[in-house]
Amino acid sequence: MHVRALSLRDFRSWEAAELELSPGGTVFLGANGNGKTNLIEAIGYLSTLGSHRVASDAPLIRLGAQKARIGATVVNSGRELRVDMELNLGTANRAQINRSPVRRPREILGILQTVLFAPEDLSLVRGDPGERRRFLDELATARLPRLAGVRADYDKVLRQRSALLKTAGRNARSGARGAEMSTLDVWDGHLAAHGAVLLAQRLRLVHDLYPHLAQAYSEIAPESRPATIGYRSASLPPEFLDPARVPQADDEQALEAILLRELAAARPKELERGVCLVGPHRDDLELMLGSAPAKGFASHGESWSFALALRLGAFELLRSAGTDPVLILDDVFAELDRRRRTALAAVAAGAEQVLITAAVPEDVPSELDAVPLRVETTGEADHRASRIAESASA
């Protein structure tokens, strides 16, 4: 799989861009602030419908514009597909496949698969559980695009059920009687149904990712303690949390029954606190080095190694399904020591397409024979715009 062409309009610092790309390596060179990361951020957005840098779409739209456009021609096993996204301020985003509109943007998921490693990935190890849940869900959705709809439905049910808990809790404390309790039973069923699908895919992913992660970490940091992962959930019995457990065909039904039971048991506390205390939104991906959790115990170098191993493990997992995802490396070589640079370069050299950003050519290992494209900015103050320099030499 590779991106053959990329087009941008009013995306971040790019007023307009039309790029032709090839399989193999491409490195976008330029000083910080020139817009090189914006290019790979746009490609990543087409893969995940989200940015690795910000939580909302508004910062992605160029200052003064009302919408931004991202388009790419993706080649997969010799077949070309054109995918386009329009990001809008104040209205819903729109998407097209081969110039034909689709009902929902998430229908483009799966056309382009990417694995992106960036300095922000250190938060996978040191950040809060939400960062790791996002990692799991984006990777699970790359493997099973229909999971995007399940995630959206789960989030919607969670918001509505949480609002109902607040109302029911206030009424219960005031002695008022309402229909909230019977309505809660209905929302419990929806939450358990969608949550079970999401949980089943997360558990399957942890099982499948485990050996790839362990192998990648041992190659990056052979002198360190072994790295392992597991799934942490207060709602599930221990046998489901073992990454060595082989997923079963009836897991969704079993998980739905478990969630319904846990929701019933937790309801008094939920009414008292006004929040939903059961479900995959409260879970975490457990990262271990030897017998100690990586968060809080790993050194800076070990944390970098674990973050890198998670991404390389994800890359190998997707590749094992028969499609080479596009590997995106956002200004990371400068952050890594020689051993980690060499390990990452070895994987990148074997990828069908690798897109790299770097401040200077010396940041890119010599093993990578990457085509250099220099990114610069023109204009003044708020009207500065990024462009590819006329000379492609580094």
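Suppose we keep just the alpha-carbon trace of the stretch 91-219; what are its Rg and Dmax in angstrom?
Gyration radius and largest Cα-Cα distance of the stretch 91-219: 19.3, 62 Å.
Would you mind computing the Rg to Rh ratio of the stretch 186-339 from its alpha-carbon coordinates, Kirkwood style for Rh?
Ratio of gyration radius to Kirkwood radius: 1.04.
So if I take the alpha carbon set of the stretch 1-153, get Rg, then get Rh from the Kirkwood formula, what is the Rg over Rh ratio?
My calculation of the ratio gives 0.94.
What is the set of long-range amide H partners of Gln353 at a cut-off below 5 Å, with H atoms built 1.01 Å from backbone N?
Amide H to amide H, under 5 Å and 5 or more residues apart or across chains, Gln353 pairs with Gly24, Leu327.
Classify the stretch 1-44 as rounded, prolate or oblate, taking a ≥ b ≥ c as the square roots of the eigenvalues of its Cα gyration tensor: rounded when a/c is under 1.5, otherwise prolate if a/b is larger than b/c and oblate if not.
oblate
Let's test the formula: R0 of 45 Å, r as the Cβ-Cβ distance of Ala152 and Glu390. What FRET efficiency results, to the nearest 0.05? Mind showing how you got there, number by number?
Values: r = 44 Å, r/R0 = 0.97.
The value I calculate is 0.55.
Determine the principal axes of the Cα atoms in the stretch 251-341, then give the extent along each, sorted from largest to smallest and rounded to whole angstroms.
Principal axes ranked by extent give 55, 36, 26 Å for the Cα atoms.
Quick one: grab Rg to one decimal and Dmax as a whole number for the stretch 298-342, Cα atoms only, in Å.
Cα radius of gyration and Dmax of the stretch 298-342 are 11.9, 35 Å respectively.
Per the Debye formula with a single identical scatterer at each Cα and no solvent contribution, what log10 I(q)/I(0) holds for the chain at q = 0.07, 0.08, 0.09, 0.13 Å⁻¹?
After summing over all Cα pairs, the log10 values are -0.36, -0.47, -0.59, -1.14.
What do you get when you divide the Cα radius of gyration of the stretch 320-383 by 2.2 N^0.38 Å, with N the number of residues?
Scaled against compact globular proteins, the figure is 1.34.
With an 8 Å Cα cut-off and a minimum separation of 6 or more residues, compute the relative contact order for the stretch 232-314 in percent.
Details: 36 pairs, mean separation 23.9, N = 83.
RCO, the stretch 232-314: 29 percent.
List the GluC sites (Glu not before Pro) within the stretch 184-265 that DSSP assigns to loop and that have no more than 15 neighbouring Cβ atoms inside 10 Å.
Glu223
Using r as the Cβ-Cβ distance of Ala265 and Thr91, and R0 as 51 Å, what FRET efficiency do you calculate, to the nearest 0.05?
For R0 = 51 Å, the calculated efficiency reads 0.75.
So what is the relative contact order of the stretch 1-127, in percent, for Cα pairs below 8 Å that sit 6 or more residues apart?
24 percent
Equivalent ellipsoid semi-axes for the stretch 102-170, as square roots of 5 times the alpha carbon gyration tensor eigenvalues: give them largest first, rounded to whole Å.
Semi-axes from the Cα gyration tensor: 27, 20, 8 Å.
Given a 1.4 Å probe and every protein chain left where it sits, what share in percent of the accessible area of the stretch 211-271 is carbon and sulfur? Mind dumping the intermediate values first?
Working: 1880 of 3210 Å².
In the stretch 211-271, the share of accessible area belonging to carbon and sulfur is 58 percent.
Roughly how compact is the stretch 62-118, stated as its Cα Rg over 2.2 N^0.38 Å to two decimals? Mind showing how you got there, number by number?
Values: Rg = 12.8 Å, N = 57, 2.2 N^0.38 = 10.2 Å.
Computed over Cα atoms of the stretch 62-118, the ratio equals 1.25.
Please give the contour-minus-distance gain from Asp337 to Glu20: 0.36 nm per residue of separation, less the Cα-Cα distance, rounded to one decimal in nm.
110.9 nm
Rounded to the nearest 5, what is the percent of antiparallel bridges among the DSSP beta bridges in the chain?
Bridges in the chain that DSSP calls antiparallel: roughly 70 percent.
Solvent-accessible area per residue for the chain at a 1.4 Å probe radius, Å²?
Ligands and nucleic acids excluded, the result is 45 Å² per residue.
Restricting to Cα pairs below 8 Å that are 6+ residues apart, what does the relative contact order work out to for the chain? Please round to a whole percent.
Reported as a whole number, the value is 24 percent.
What is the percent carbon and sulfur in the accessible area of the stretch 39-116, measuring with a 1.4 Å probe over the protein chains and ignoring ligands?
Carbon plus sulfur share of accessible area: 47 percent.
How big is the stretch 168-250 in terms of Cα radius of gyration and Dmax, in angstroms?
Expressed in Å, the Cα Rg and Dmax of the stretch 168-250 come to 20.1, 63.
Within the stretch 93-129, report the trypsin sites (Lys or Arg not before Pro) that DSSP leaves as loop and that have at most 16 other Cβ atoms within 10 Å. Could you put the intermediate results ahead of the total?
Values: sites: Arg94, Arg99, Arg103, Arg106, Arg126; in loops: Arg99, Arg103.
The qualifying sites are Arg99, Arg103.
Per the helix-only calculation at 222 nm, which mean residue ellipticity applies to the chain, given -39500 (n - 2.57) for every DSSP H run of n ≥ 4 and division by its residues, nearest 500 deg cm²/dmol? Before the final figure, lay out the partial values.
Values: 10 runs with 165 residues, N = 394.
Here the helix-only value at 222 nm equals -14000 deg cm²/dmol.
The values are calculated or read from the model by the stated rules, or taken from the named source; none is laboratory data. These numbers were taken from a predicted model, which means no experiment stands behind them. All Cβ positions, glycine included, derive from the backbone under ideal geometry; neighbour counts span all protein chains shown. The protein model used for the area step is the full one, side chains on, heavy atoms only, and it has no ligands, DNA or RNA in it. Shrake-Rupley method; radii C 1.70, N 1.55, O 1.52, S 1.80 Å.
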